[in-house]
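In what follows, a structure is listed as structure tokens, so that the remarks can point back to it.
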Amino acid sequence: MRTTVIHGPQDIRLEERPRPRVLDPGDAVVRVVASCVCGSDLWDYRGIRPLAAPHPIGHELVGVVEAVGSAVASLLPGDFVIAPFSLSDGTCQACRHGAESACDQVTVVGGTDKEGRQLDGAQGEFARIPLADSSLVVVPEPVDPARIPSLLTLADVMSTGHHAAVSAGVGPGTTVVVVGDGAVGLCAVLAAARLGATRIIAMSRHDDRAALAREFGATDVVASRGDTGIAAVKELLGGNLADSACECVGTEQSMAQALGVVRGGGRVGFVGVPAGGPQLPVGQLFARNITVGGGMAPAHHYIPELLPDVLSGAIDPGRVFTQEFGLEDIADAYAAMDERRVVKSLIRL
Ligand SMILES: [Zn+2]
């Protein structure tokens, strides 16, 4: 099968690898229908996170179950499934409390299994998925091809944006600032609107992303950063700060921005993959009674809540995919995101 392998910075190659098969009783093999490039894949692509060795890449996929192991009870060949980017056992204490991304056995699509074997990346034709019963989510048939991009966002970015909003305490009547205008930030805007926030301020410096943020429900856009950005938020809110902030970048500056725009007693939901550097200013949190929550999103936990709204068309988070590529154009799909020619690259197989 053809699959994507990263060899180093700016070095993305499509390679021929053996087609995966069931190795453990809990495995499923999925034929990938759609995948995409994640902002966190770009950490490798840009050389920010050094590579020990070339490895398959990509952790977001939807597809059709091809084969299942003998212990898999809830899946059948032919089922259309969403693979949450993190795979979980469904039985440990964290899983039982809806924190599947903190599972005792957690791994990610494209990571390694409990035996240390390399898993298939999502940006390929097939993938072996361990812990399949407790990880994969079946989409009721028939699946409308037009809904596939939005279904794919539930594997990661929409679930992650929702996690930011939930962790930030967003609810009916609240005011929220979203820091970050990548796909996750835009999905956080959509999630905040869905949860009933009345004022949603997107911090964005890019016209195309700001326009999409407004379509997703942002009431205001602030292009400035730092103290000027905080002042702009206050001006929009009649001299007040926001109840909540969603930190969707993962840098020291973005966390400082999120902490700076929330009121005393407010909440920050953070989902940006920490890119090195940021340390929480505990003194500031103490003095201003700010709650910080979040982390890696338990996509599996949120999909049952979000899926009906995607299937009904009530939300259309797939609009974050501003360009489609074939698998043979995977290198360009990365370059397009790296150069910000697209918000997020969709890979159709
Ligand atoms: Zn678990």
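The values are calculated or read from the model by the stated rules, or taken from the named source; none is laboratory data. In this text, all values refer to a predicted model and were calculated from it rather than measured experimentally. Reconstructed Cβ throughout: ideal geometry from the backbone, glycine too, with neighbour counts over all protein chains shown.
Quick check on my filter: what residues within segment 48-64 are of a type in the set (A, V, I, L, M, F, W, C), in contact (Cβ under 8 Å) with a residue 40 or more places away in the chain and surrounded by fewer than 16 Cβ atoms within 10 Å (Cβ to Cβ)? Before you say what the answer is, go through the steps one by one.
Start the filter on segment 48-64 by keeping residues that are of a type in the set (A, V, I, L, M, F, W, C), which leaves 48, 51-53, 57, 61-62, 64.
Applying the additional criterion that residues be in contact (Cβ under 8 Å) with a residue 40 or more places away in the chain yields 48, 51, 57, 61-62.
I48, L51 - these are the residues of segment 48-64 that are of a type in the set (A, V, I, L, M, F, W, C), in contact (Cβ under 8 Å) with a residue 40 or more places away in the chain and surrounded by fewer than 16 Cβ atoms within 10 Å (Cβ to Cβ).
Taking the residues in segment 75-84 that are away from the ligand (no atom under 16 Å from the Cβ) and in a loop (DSSP other than H, G, I, E, B) as candidates, determine which candidate is surrounded by the fewest Cβ atoms within 10 Å (Cβ to Cβ). Only one residue tops the list, namely G78. Filtered by the rule that a residue be modelled with pLDDT of 95 or more and of a type in the set (D, E), segment 87-132 gives D89, E100, D104, D120, E125.
Taking the criterion of being within 20 Å of the chain's Cα centre (by Cα) and not in a helix (DSSP H, G or I), the residues of segment 181-199 that qualify are D181, G182, L195.
Could you go through segment 194-205 and let me know if any residue there is surrounded by fewer than 24 Cβ atoms within 10 Å (Cβ to Cβ) and modelled with pLDDT under 95.
Restricting attention to segment 194-205, the residues satisfying the condition of being surrounded by fewer than 24 Cβ atoms within 10 Å (Cβ to Cβ) are 194-196, 198-199, 205.
Next cut, modelled with pLDDT under 95 only: 205.
Yes, because at least one residue in segment 194-205 is surrounded by fewer than 24 Cβ atoms within 10 Å (Cβ to Cβ) and modelled with pLDDT under 95.
With R117, R128 as the choices, which residue is out of contact with any Asp or Glu (no Cβ under 6 Å at 6 or more places or on another chain) and not hydrophobic (A, V, I, L, M, F, W, C)?
Numbers: R128 fails: out of contact with any Asp or Glu (no Cβ under 6 Å at 6 or more places or on another chain).
One residue alone meets the criteria, R117.
M296 meets all of the listed conditions (1) in a loop (DSSP other than H, G, I, E, B); (2) closer than 21 Å to S224 by Cα; (3) touching a residue at least 40 places away in the same chain (Cβ under 8 Å) but one, namely (2).
For segment 294-334, taking the residues that are surrounded by fewer than 17 Cβ atoms within 10 Å (Cβ to Cβ) and hydrophobic (A, V, I, L, M, F, W, C), the one that is farthest from V109 (Cα to Cα) is identified as A314. Taking A67 as the residue in question, decide whether it is within 16 Å of the ligand (Cβ to nearest atom), without any contact (Cβ under 8 Å) to a residue 60 or more places away in the chain and of a type in the set (G, A, S). No; evaluated as a whole, the condition is false for this residue.
Rundown of residues vs (1) assigned by TED's automatic domain parsing to the domain that holds D332; (2) free of Cβ contacts under 8 Å to residues at least 60 places away in the same chain; (3) away from the ligand (no atom under 16 Å from the Cβ), yes/no style:
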{"position": "S86", "(1), (2), (3)": "yes, no, no"}
{"position": "V106", "(1), (2), (3)": "yes, yes, no"}
{"position": "D113", "(1), (2), (3)": "yes, no, no"}
{"position": "R117", "(1), (2), (3)": "yes, no, yes"}
{"position": "S150", "(1), (2), (3)": "yes, no, yes"}
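Only residues that are in a loop (DSSP other than H, G, I, E, B), surrounded by 16 or more Cβ atoms within 10 Å (Cβ to Cβ) and modelled with pLDDT of 95 or more were counted in segment 20-47, giving 6.
Per this entry, A155 is counted among residues that are part of a loop (DSSP other than H, G, I, E, B) and away from the ligand (no atom under 16 Å from the Cβ). Do we find that V139 is β-branched (V, I, T), away from the ligand (no atom under 15 Å from the Cβ) and touching a strand residue (DSSP E or B) at 6+ places or on another chain (Cβ under 8 Å) in this structure? So V139 passes the test.
So which residues in segment 48-63 are of a type in the set (A, V, I, L, M, F, W, C), assigned to a strand (DSSP E or B) and within 19 Å of E328 (Cβ to Cβ)?
Residue satisfying the conditions is L61 alone.
Against the definition (within 13 Å of the ligand (Cβ to nearest atom) and either farther than 26 Å from G313 by Cα or part of a loop (DSSP other than H, G, I, E, B) (or both)), how does G98 come out, yes or no?
Details: within 13 Å of the ligand (Cβ to nearest atom): yes; either farther than 26 Å from G313 by Cα or part of a loop (DSSP other than H, G, I, E, B) (or both): yes.
Yes.
Could you list all residues from segment 73-84 that are under 26 Å from the mean Cα position of the chain (by Cα) and of a type outside the set (G, A, S)? Walk me through how you get there before you give the answer.
Initially, segment 73-84 is screened for residues under 26 Å from the mean Cα position of the chain (by Cα), giving 74-75, 78-84.
Within segment 73-84, L75, D79, F80, V81, I82, P84 meet the criteria.
Out of everything in segment 119-129 that is part of a loop (DSSP other than H, G, I, E, B) and surrounded by fewer than 24 Cβ atoms within 10 Å (Cβ to Cβ), what residue ends up being nearest to the ligand (Cβ to nearest atom)? Full working, then the answer.
Step one: of segment 119-129, the residues part of a loop (DSSP other than H, G, I, E, B) are 119-123, 125.
Within this subset, residues satisfying the condition of being surrounded by fewer than 24 Cβ atoms within 10 Å (Cβ to Cβ) are 119, 125.
Numbers: L119: 17, E125: 29 Å.
Step by step, filter segment 119-129, then rank; the result is L119.
Residue by residue, here is whether (1) under 18 Å from R209 (Cβ atoms); (2) in the same structural domain as R205 (by TED's automatic domain parsing) holds:
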site: A146; (1), (2): no, no
site: A165; (1), (2): yes, yes
site: G173; (1), (2): no, yes
site: V179; (1), (2): yes, yes
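Sort out which residues of segment 221-240 are surrounded by 19 or more Cβ atoms within 10 Å (Cβ to Cβ) and not in a helix (DSSP H, G or I), and write them in order of number. V221, V222, listed by residue number.
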